[in-house]
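K.L.:
Quick one: this structure, given as structure tokens, is what I'll be asking you about.
The values are calculated or read from the model by the stated rules, or taken from the named source; none is laboratory data. None of these values were measured; they are calculated from a predicted model. Every residue, glycine among them, receives a Cβ derived from its backbone with ideal geometry; neighbour counts consider all protein chains shown. These accessible areas exclude ligands, DNA and RNA; they are computed on the full protein's heavy atoms, side chains included. Shrake-Rupley method; radii C 1.70, N 1.55, O 1.52, S 1.80 Å.
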Amino acid sequence: LIITECGKIIPLPVQQRILTGKRLLSVSREAIRRICFLSYAYRMTGEVSYASRAETEMLAMAAFSDWNPSHFLDVAEMTMGMAIGYDWLYPYLSTTSRLTISSAIKTKGIEETTGSKANQSWLKSDNNWNQVCNAGISAGVAAVFDENPAYYQPLIDRAVNSVKIPMEVYKYNGAYPEGMGYWDYGPTFNILLIDMLQRMWGTDRDL
């Protein structure tokens, strides 16, 4: 099914930075879908057309002026998609593409959460924003971690401490105050964060 869908994605034009209201979220989610499907298909089949189209998509996202940090879910999901594509396609990507994509992950994703003007309101929230933003940004951190472990480790530690806040909300009986749809959304990203910690560092940090 994924490979069939990739056949439909390849001829599509790349996405544009077009907001729906105040959000770029639909573009970020389509980027995740396209990048992950195409990257997966390439890894399963070795067919270069899938990797080439994923690279084209990632370079187009990297060329956006920003990933809409005023609505930070947009940044988080875009960072997640770009990080997965960067990781899964790393052996295929040219040196130039690697630099372009990793730079976008850092400047348009990770660095939007650091410094005096950073968007950090989600770090203290007890809802899906915390889970999604921490997972998305942490995926970006994991993708470039080896470039500067001393700089990036505190950002992973920040995510581990922060995501405990929404986890406290439903840990006793599994209920989720935002309803079933968001229960699927927030915990899915939460689980991705825990899985990434286990795969990267061999520990779930007691999450």
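K.L.:
Just to verify a number: FRET efficiency for Asp184 and Ser94, C-beta to C-beta distance, R0 = 30 Å, to 0.05?
P.N.:
Computed FRET efficiency for Asp184 and Ser94: 0.20.
K.L.:
If I build a Gaussian network model for the chain, linking alpha-carbon pairs within less than 10 angstrom, which residue out of Glu112, Glu55, Glu178 has the largest mean-square fluctuation?
P.N.:
Glu178
K.L.:
Over the stretch 29-76, what number does the Rg to Rh ratio reach, with both radii from the alpha-carbon atoms and Rh per Kirkwood?
P.N.:
With Rh from the inverse mean 1/r over Cα pairs, Rg/Rh is 1.07.
K.L.:
Would you list, by chain and number, the lysines whose Cα falls below 17 Å from the Cα of Lys164, excluding same-chain residues fewer than 8 positions away?
P.N.:
Cross-link targets: Lys124.
K.L.:
Take every Cα pair under 8 Å in the stretch 89-207 that's 6+ residues apart, average their separations, divide by the length, and report that relative contact order as a whole percent.
P.N.:
It comes to 27 percent, rounded to a whole number.
K.L.:
Do the sum for the chain: with -39,500 (n - 2.57) for every DSSP H run of n ≥ 4, divided by all residues, what is the mean residue ellipticity at 222 nm, to the nearest 500 deg cm²/dmol?
P.N.:
One gets -21500 deg cm²/dmol as the mean residue ellipticity at 222 nm.
K.L.:
Skipping prolines and chain starts, which residues have an amide H placed within reach, meaning under 5 Å, of the one on Arg23, given they are 5 or more residues away or on another chain?
P.N.:
Residues meeting the criterion, in which the H sits 1.01 Å from N, do not exist here.
K.L.:
A further question on this structure: Which one of Ser26, Ala51, Ile194 has its Cα pushed farthest toward the positive end of the charge dipole of the chain, where Lys and Arg give +1 and Asp and Glu give -1 at the Cβ?
P.N.:
Farthest towards the positive pole: Ser26.
K.L.:
Let me check against my output: what whole-number percent is the relative contact order of the chain, with C-alpha pairs under 8 Å and at least 6 apart?
P.N.:
Relative contact order, the chain: 17 percent.
K.L.:
Given a 1.4 Å probe and heavy atoms of the protein chains only, how would you sort Glu5, Glu47, largest accessible area at the top?
P.N.:
Glu47, Glu5
K.L.:
With a 1.4 Å probe and all protein chains in place, put Tyr92, Tyr86 in order of accessible area, largest first.
P.N.:
Largest accessible area first, the list is Tyr92, Tyr86.
K.L.:
By how many nm would the segment from Asp146 to Asp87 lengthen if fully extended, with 0.36 nm per residue of separation less the alpha-carbon distance?
P.N.:
So the chain would gain 20.0 nm between Asp146 and Asp87.
K.L.:
Quick one: net charge of Pro187's neighbours, Cβ under 15 Å, K/R +1, D/E -1?
P.N.:
Summing Lys and Arg as +1 and Asp and Glu as -1 gives -4.
K.L.:
Excluding residues on the same chain fewer than 8 positions from Lys108, give the aspartates and glutamates whose Cα lies under 15 Å from its Cα.
P.N.:
Asp66, Asp74, Glu77
K.L.:
Continuing with the same structure: Which trypsin sites (Lys or Arg not before Pro) in the stretch 121-207 pass both tests, a DSSP loop state and at most 15 other beta-carbon atoms within 10 Å?
P.N.:
Lys171
K.L.:
Once you place label points 7 Å from the Cα toward the Cβ at Arg23 and Tyr172, how far apart are they in nm?
P.N.:
Each label point lies 7 Å from its Cα, and together they span 3.2 nm.
K.L.:
Over the Cα atoms, compute the radius of gyration (one decimal) and Dmax (the largest Cα-Cα distance, rounded to a whole number) for the stretch 84-131, in Å.
P.N.:
In order Rg, Dmax, the Cα atoms of the stretch 84-131 give 14.3, 41 Å.
K.L.:
Quick one: compute a quarter of the convex hull surface over the Cα atoms of the stretch 8-133 and quote it in nm².
P.N.:
That works out to 8.1 nm².
K.L.:
Still on this structure, please answer the following. Give me the Kirkwood hydrodynamic radius of the stretch 95-207 in Å, from all C-alpha pairs, to one decimal place?
P.N.:
Result for the stretch 95-207, one decimal place: 14.7 Å.
K.L.:
With Cβ to Cβ distances under 13 Å as the rule, what net charge do the other residues near Arg53 carry (K, R +1; D, E -1)?
P.N.:
-1
K.L.:
Expressed as a rounded percentage, what relative contact order does the stretch 138-207 have, with Cα pairs under 8 Å and six or more residues apart?
P.N.:
29 percent
K.L.:
Using only Cα atoms, tell me the angle between helix 95-104 and the longest principal axis of the chain; keep it within 0 to 90° and round to the nearest 10.
P.N.:
It is inclined by approximately 30 degrees.
K.L.:
Against the longest alpha carbon principal axis of the chain, how many degrees, from 0 to 90 and to the nearest 10, is the axis of helix 72-88 turned?
P.N.:
Orientation of helix 72-88: about 50 degrees from the principal axis.
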